[in-house]
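The values are calculated or read from the model by the stated rules, or taken from the named source; none is laboratory data. If you're wondering where the values come from, they're calculated on a predicted model, not measured in any experiment. Cβ placement follows ideal geometry from the backbone for every residue including glycine, while neighbour counts extend to all protein chains displayed. Quick note on the areas: whole protein, heavy atoms, side chains included, nothing else; ligands and nucleic acids left out. Shrake-Rupley method; radii C 1.70, N 1.55, O 1.52, S 1.80 Å.
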Amino acid sequence: MTTVHGLPDFTGGFGQPSQQDWHALVSKTLKGGDFRRRLVSKTYDGLELEPIYGRDLDAATVAGAGAGRPWGISARVDHPKPADAQCLALADLEGGADGLTLVFAGSAAARGYGLIANTVAELDASLSDVVLDLIRLRLEPSPTGNLNAALVAALVDRRKHDPARMAVNFGLDPIGVLAATGISPTAWPAAGRLLSQTIKALKARDFQGPFVACDTRPFSEAGASEAQELAVALACGVAYARALEANGTTVDEAFRGLSWIIAVDADQFAGMAKLRALRRLWARVEVASSVPPNPIAIHAETAWRMMTSRDPAVNMLRSTIAVFAAATGGADTIMVIPHTLTLGLPDLLARRIARNTQLVLQDETNLWRVADPAAGSGAIEALTGELCEKAWALFQAIEAEGGIVESLNQGAIQARIAVIAQARYKDIASRRNAITGTSEFPNLAEAAASVLAVERDQNRTPASAGSSVLGFDELVQRFAAGGARDDVTEARTAATRITQLAAHRLSEPFEALRDAADAWTTGSGRRPRVFLVNLGSLAEFGPRAGWISNLLAAGGIEAVSNDGVLASGEAGAAFAASGATVACICGTDATYDILGEATAMALKSAGASAVLLAGKPGQNEAALSAAGVDQFVFAGQDMIAALSRVHTSLGIPALRITTA
């Protein structure tokens, strides 16, 4: 017997099955069913995902600059009050974070909160006892990005830190801000010049950067696909490099000042492939620009669009998958959105969980110890390669439209993203893409989550959100001398207006239904109810009764059930005794053939304002409708529309629900 590492090799007697062998067995199992229709799925980019892949033995490792060391763990500094912001920041650093992200009020990522620092003294207080040259510091992209950067530079001067020894990402991103807000106080050529002047001033102070953040989150939150996000990432990077080169910076130096912010959701394989594809794609841009390829800086953040306000504890699970994907995909730094941010400003516990999600995966799972663990995986390599090709084609389309800014001006990017956003909405509405805790398995009795007592204000901004005509060095000097934002800014005017890429969370339509039902409950003193008329035995009505109960709860409606009835007269009496105004018939198709029409008539006679039937009506639709069935509810429908109709039947005021 042969041995492997000194142990008996028991595999010698077994043949090596081929992919064709596997297909033959699957075809036999499918019994003539269509293989591609049953087992091959598609992404929103139209990429086909096979059920099985062989190893890719020729794959090359895709690694970032941080390969071989743990990724950076960043925490949000987003409390409006400096003293509270400082306490939260210290707790995060003492709890294991090695970096802070300054989320200034007015930035899209602030979500209606955000740090308010109008002077260097206020910023100093917000970061009191934080040793800035021992941590990573990030600034969120913001409409007041120049002012925020000047405040930080003035604080560094005040504390006499050596900028060359600091790790500061200034997060300057006028294109991303334009996409997220729909306005810019400066037309692009002038904005590019201002960006170049700011970066030169920061470099003259010995800051090492990165200075620019190519932020794809506004596009992700508008519903973009993975390939669309990648195309935008490339287009933004190229636009910034061109602007810097046009103002006296070499291409190589311009490239080194760039970084990227990528949202990663709970689609693990897509997230891994997206980050790997970005590195490959930018290397392609570098080669085309005659610049030696260098690992780019990627900051990953758990995706806002996947977060829910209902059953927010499930956000912890989504974030864990996203962090795993970001870490194994090669992110240099990662920030987890605390799971309660959709409900309010997160408290210490929520922030601790956000940190620990990363710490467990980093220190206990040791994900960082393998550079590009996906290398050679047939599935991930195939998806990475296909994303690269799709994204490159979309990037070329953006370039053909005149570049990212001109494409946004034309509304071309927005139109393409809207198509994908509508497809996402349809999949969410039909529950083809289920949202656990919201559209599937909702909990009508969930307890309220704990958040800090800070009021959300979507219009929250620093004292002045205007722009400044002062040069960057003069801004720093004014701040260092005790000046405030109002002293160095003028009223903001819009030199550029585009169709805004509005941010949406995928769960919002179902949450709107729950909110409407909860408001009705508060006004009436009881939760809206639908009485389930269960026909036959538990084995007969159980599956559909359970399914419709789950669906009704997703709309904030309680299902009142019974042990089953065997005659239409019993159904009418049971409904009358329930106190409900709407009924839903549950049973099998065979039971409906026998009892459906009579039961519907009995329910109407008993006073039901509306009668639902769980399941497809089939050939009996006309007869059942004539007997009194008002609505047929079955899998695959637009459940947002179906639940809205049930709301109307219950007397719950209709809400306008955004579809994309």
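Annotations
- Lone unmet requirement of (1) modelled with pLDDT of 95 or more; (2) open to solvent by 10 Å² or more (accessible area, probe 1.4 Å) for ALA190: (1)
- Options ALA85, ALA89, ALA75; residue that is in contact (Cβ under 8 Å) with a residue 60 or more places away in the chain, within 30 Å of VAL120 (Cβ to Cβ) and open to solvent by less than 20 Å² (accessible area, probe 1.4 Å): ALA75
- Among residues of the range 242-281 being open to solvent by 10 Å² or more (accessible area, probe 1.4 Å) and of a type in the set (Val, Ile, Thr), the one that is nearest to ALA374 (Cα to Cα) is VAL251.
- Taking first residues from the range 552-573 that are over 23 Å from ARG645 (Cα atoms) and partners that are in a helix (DSSP H, G or I) and of a type in the set (Asp, Glu), the Cβ contacts under 8 Å between residues at least 6 apart in sequence or on separate chains come to GLY564/GLU540.
- You will find that of ALA180, ALA108, ALA125, ALA121, the residue that is in contact with a Leu (Cβ under 7 Å, 6 or more places away or on another chain), in contact (Cβ under 8 Å) with a residue 12 or more places away in the chain and under 29 Å from LEU452 (Cβ atoms) is ALA180 and no other.
- If you go through the range 396-406 and keep only what is surrounded by fewer than 23 Cβ atoms within 10 Å (Cβ to Cβ) and either without any contact (Cβ under 8 Å) to a residue 40 or more places away in the chain or part of a helix (DSSP H, G or I) (or both), you end up with GLN396, ALA397, GLU399, ALA400, GLU401, GLY402, GLU406.
- ARG284 in contact with a Gly (Cβ under 9 Å, 6 or more places away or on another chain), in contact (Cβ under 8 Å) with a residue 60 or more places away in the chain and surrounded by fewer than 24 Cβ atoms within 10 Å (Cβ to Cβ): no
- Once the range 425-454 is narrowed to residues that are in a helix (DSSP H, G or I) and crowded, with 19+ Cβ neighbours inside 10 Å, the residue that is farthest from the chain's Cα centre (by Cα) is ALA429.
- Test: residue in the range 100-114 that is under 30 Å from ARG505 (Cα atoms), aromatic (Phe, Trp, Tyr) and surrounded by 19 or more Cβ atoms within 10 Å (Cβ to Cβ): yes
- Candidate set from the range 516-525 (those that are more than 17 Å from ALA641 (Cβ to Cβ) and of a type outside the set (Ser, Thr, Tyr)); member that is surrounded by the most Cβ atoms within 10 Å (Cβ to Cβ): TRP520
- Test: residue in the range 588-606 that is within 24 Å of ARG432 (Cα to Cα) and among the aliphatic types (A, V, I, L, M): no
- The range 20-72 - residue that is closer than 18 Å to GLU381 by Cα and polar (S, T, N, Q) and, of those, surrounded by the most Cβ atoms within 10 Å (Cβ to Cβ): THR43
- Only residues that are on the phi < 0 side of the Ramachandran plot and crowded, with 23+ Cβ neighbours inside 10 Å were counted across the range 171-187, and they come to 10.
- Qualifying residue in the range 377-388 (condition: in a helix (DSSP H, G or I), out of contact with any helix residue (DSSP H, G or I) (no Cβ under 9 Å at 6 or more places or on another chain), open to solvent by 30 Å² or more (accessible area, probe 1.4 Å) and modelled with pLDDT of 95 or more): no
- Cβ-Cβ under 8 Å pairs, at least 6 apart or on other chains, the range 414-434 side of a type in the set (Phe, Trp, Tyr), far side assigned to a helix (DSSP H, G or I): TYR425/PRO509
- Total residues in the range 123-141, condition among the small types (Gly, Ala, Ser) and surrounded by fewer than 20 Cβ atoms within 10 Å (Cβ to Cβ): 2
- Count - residues of the range 465-482 that are modelled with pLDDT of 85 or more and either among the acidic types (Asp, Glu) or surrounded by 18 or more Cβ atoms within 10 Å (Cβ to Cβ) (or both): 7
- Checking ALA117, ALA108, ALA97 one by one, the residue that is over 20 Å from ALA300 (Cβ atoms) and of a type in the set (A, V, I, L, M, F, W, C) is ALA117 and no other.
- The requirement of being surrounded by fewer than 21 Cβ atoms within 10 Å (Cβ to Cβ) and part of a loop (DSSP other than H, G, I, E, B) is fulfilled nowhere in the range 352-361; no residue meets it.
- Selected residue (only one of ALA266, ALA235 is under 16 Å from the mean Cα position of the chain (by Cα) and among the small types (Gly, Ala, Ser)): ALA266
- Scope the range 253-263; condition in contact (Cβ under 8 Å) with a residue 24 or more places away in the chain and touching a helix residue (DSSP H, G or I) at 6+ places or on another chain (Cβ under 9 Å); matching residues: PHE255, GLY257, LEU258, TRP260, ILE261, ILE262, ALA263
- The listed residue being small (Gly, Ala, Ser), open to solvent by 10 Å² or more (accessible area, probe 1.4 Å) and assigned to a helix (DSSP H, G or I), out of ALA227, ALA239: ALA239
- Against the numbered list (1) among the charged types (D, E, K, R); (2) open to solvent by less than 20 Å² (accessible area, probe 1.4 Å); (3) assigned to a loop (DSSP other than H, G, I, E, B), ASP457 comes up short only at (2).
- Filtered by the rule that a residue be touching a residue at least 60 places away in the same chain (Cβ under 8 Å) and open to solvent by 40 Å² or more (accessible area, probe 1.4 Å), the range 147-166 gives ASP157, ARG158.
- Scanning the range 310-325 for residues that are basic (Lys, Arg) and either within 14 Å of LEU359 (Cα to Cα) or in contact with a Lys or Arg (Cβ under 7 Å, 6 or more places away or on another chain) (or both) yields a count of 1.
- Condition met for GLY96 (in contact with a Leu (Cβ under 6 Å, 6 or more places away or on another chain) and either basic (Lys, Arg) or open to solvent by 10 Å² or more (accessible area, probe 1.4 Å) (or both)): yes
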